[in-house]
1. Does Leu183 satisfy the criteria of being crowded, with 24+ Cβ neighbours inside 10 Å and closer than 25 Å to Arg228 by Cα?
2. Which pairs turn up if I take residues in the range 247-261 that are surrounded by 13 or more Cβ atoms within 10 Å (Cβ to Cβ) and look for partners that are among the small types (Gly, Ala, Ser) with beta carbon separation below 8 Å, at least 6 apart in sequence or on another chain?
3. Any residue at all in the range 279-296 that is buried (at least 24 other Cβ atoms within 10 Å of the Cβ) and either free of Cβ contacts under 8 Å to residues at least 24 places away in the same chain or not assigned by TED's automatic domain parsing to the domain that holds Arg228 (or both)?
4. If Val547 meets every condition in (1) surrounded by fewer than 19 Cβ atoms within 10 Å (Cβ to Cβ); (2) at pLDDT below 95; (3) among the aliphatic types (A, V, I, L, M) apart from one, which number is that one?
5. Report yes if some residue within the range 522-530 is at pLDDT 95 or above, in the same structural domain as Thr478 (by TED's automatic domain parsing), crowded, with 22+ Cβ neighbours inside 10 Å and in contact with an Asp or Glu (Cβ under 7 Å, 6 or more places away or on another chain); otherwise report no.
6. Could you check the range 323-344 and list, in sequence order, the residues that are under 15 Å from Ile283 (Cβ atoms) and either buried (at least 24 other Cβ atoms within 10 Å of the Cβ) or of a type in the set (A, V, I, L, M, F, W, C) (or both)?
7. Looking at (1) within 26 Å of the chain's Cα centre (by Cα); (2) hydrophobic (A, V, I, L, M, F, W, C); (3) within 30 Å of Asp469 (Cβ to Cβ), find the lone condition where Ile372 falls short.
8. Could you tell me which numbered condition Thr95 fails, if it satisfies all but one of (1) in a helix (DSSP H, G or I); (2) under 16 Å from the mean Cα position of the chain (by Cα)?
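The values are calculated or read from the model by the stated rules, or taken from the named source; none is laboratory data. All of these numbers come straight from a predicted model, not from anything done at the bench. Backbone-built Cβ (ideal geometry, glycine too); neighbour counts: all protein chains shown.
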Amino acid sequence: MNLHEMKASTKAEKADFLIKNGKILNVFTKEIIEESIAITNGVIVGIGDYEAQMEIDAKGKYISPGFIDSHVHIESSMVLPCEYAKTVLPHGVTTVITDPHEIANVAGADGIKLMLDASEDIPLDVRIMLPSCVPATSLERGGAVLYAEHLEPFMDHPRVLGLAEVMDYPAVMTMEKQMIDKLQLAHSYQKPIDGHLAGLTKTEINAYAYAGISTDHECTNVQEVLDRLKAGLYVAFREGSAARNLRDLLPIVNERNAHRIMYCTDDKHLDDIMKEGSIDYCIRMAIAHGIHPVTAYSMATLNPAQCYGLKQKGAIAPGYEAYLVFLSDLENVDVTDVWCKNAFIVKQKQMIKSINNQSSNLIDCTVNIGDIKIEDLEISTISNKFANIIEIIPNSIVTKHKVEQLTSDHHYFIPSVSDNLCKIAVIDRYNSGKEIGLGIVKGLNLIDGAIATTIAHDSHQLIVAGMNDEDMYLAIKTIEEMNGGIVVVSSGKVIAKLSLPIGGLMSNQHAEDVEFGLNLIENSLLQIRPDNTFNAFLTLSFLALPVIPSIKITTKGLFNVNEFKFIPVLFN
């Protein structure tokens, strides 16, 4: 308790600011009240009739608590936190709970330190969950390995909330020592633990809940939501760039269970945020689905705050931090202004304050793939062989395991436009050991050329997909020359590329420049992928994540996630 704030609360002295003539969303009583908001030292000290050094007229606008993204990987925006802040603050997002496991998989503890340093002293409140699975499973090889002893030095950091999504469910179920050490570390500091329960059985859900894992953001249907709510977990409805689950999950929400549900973006590209929004998009969709507006806003504010123990966030009430979102239209979530503690950051939908972070702790990326030859991309076969194929589900990071008979007369696999089959390769970019996993993908919609990137969740190896080996090879060599990034190749020419020198994941450029580069990528993609009904690069990047059902690919080859074992591409 601060004495100066207490004096303002008791009216013994004037508050710093008084926001008048606004319609406040009270997330506790689920009503809208017309009262004034008194603020001192960036904290709300009273609701009602107060005097202040400065009065601000809200002009009848609705005022919501600042929105909270309950689970996001900032690295997926491809910009540093200060540039990410410039992108999401105009959408009313004032707090994010981020898991830096993307950069941690590349650079270990140095990656965590980078994200902490780069998010210091910016108006967006960036809270960190420490990566629990680096690498995602013990069967992968990436740029780093993190054990409990590597995480513990960060536990006392004031912006570290807890342990991030526990993806390696076999390690939990078999009580593998390194995983148990991390869980016990979080418990010893009384910190929350995030879950990742994709495809888990009821027994496995029970084990996760018993272990103190309290959230899940991987639900794809309403039954999965019910199973997790019944086990006492919070559920985050995800609407990112590749995984778009919100529409399918909203039917389960009612006034009895809404208090345990929140929103997250997980992985969302910068250009998608700029085009459609962030958590504001989730609220808008929820209201359109018929959920009461104040309930829809509560799922973006109070619920995640309570889930993560952010006792001064998520509401407009005495003792809460003054993160306020002004809206001209409640149901359309039309954000006009954003107030962060002591000042407007956004006015009339525009950033009015510069955001700078002078962190010099940037991580260079070296793509070290060794002596790769074009012949290394061939999948040898003979006619009438059966193939294990990764089949894409549009707008989902879950895949289908498909078995098809190949009828080509060639001695090696040839991609097919008519069958919507392309080749995929994941190449070790850290150890120059020439470790290459090859496979076949159905449904990526390529008709020519190749695409490649060093964004390949979660180990972030070099991943490439294409319709011929020559373009795939050019894409690989271009990524190597750029030391990480994104490339589109067609007919022997590079038609678009974006350099991501910070760990092969992020740019050191301004958000506007990165957006411009991403738009060039998207426009160029249309030349080789005219059916652009889902995000090609984000979909590609998740084909390397061997903890999401049903079949994925790593540098070691095809991986059956359901059976948790490697399988061949071809068989009789």
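1. Values: crowded, with 24+ Cβ neighbours inside 10 Å: no; closer than 25 Å to Arg228 by Cα: yes.
For Leu183, the condition - crowded, with 24+ Cβ neighbours inside 10 Å and closer than 25 Å to Arg228 by Cα - is not met.
2. Partner pairs satisfying both residue conditions: Leu250/Ala286; Val253/Ala286; Ala258/Ser298; His259/Ser298; Ile261/Ala236.
3. Checking the range 279-296: at least one residue is buried (at least 24 other Cβ atoms within 10 Å of the Cβ) and either free of Cβ contacts under 8 Å to residues at least 24 places away in the same chain or not assigned by TED's automatic domain parsing to the domain that holds Arg228 (or both).
4. (1)
5. So far as the range 522-530 goes, yes, one or more of its residues are at pLDDT 95 or above, in the same structural domain as Thr478 (by TED's automatic domain parsing), crowded, with 22+ Cβ neighbours inside 10 Å and in contact with an Asp or Glu (Cβ under 7 Å, 6 or more places away or on another chain).
6. Across the range 323-344, the qualifying residues are Val325, Phe326, Leu327, Leu330, Val333, Val335, Val338.
7. Here Ile372 meets the rest and fails (1).
8. Condition (1) is where Thr95 drops out.
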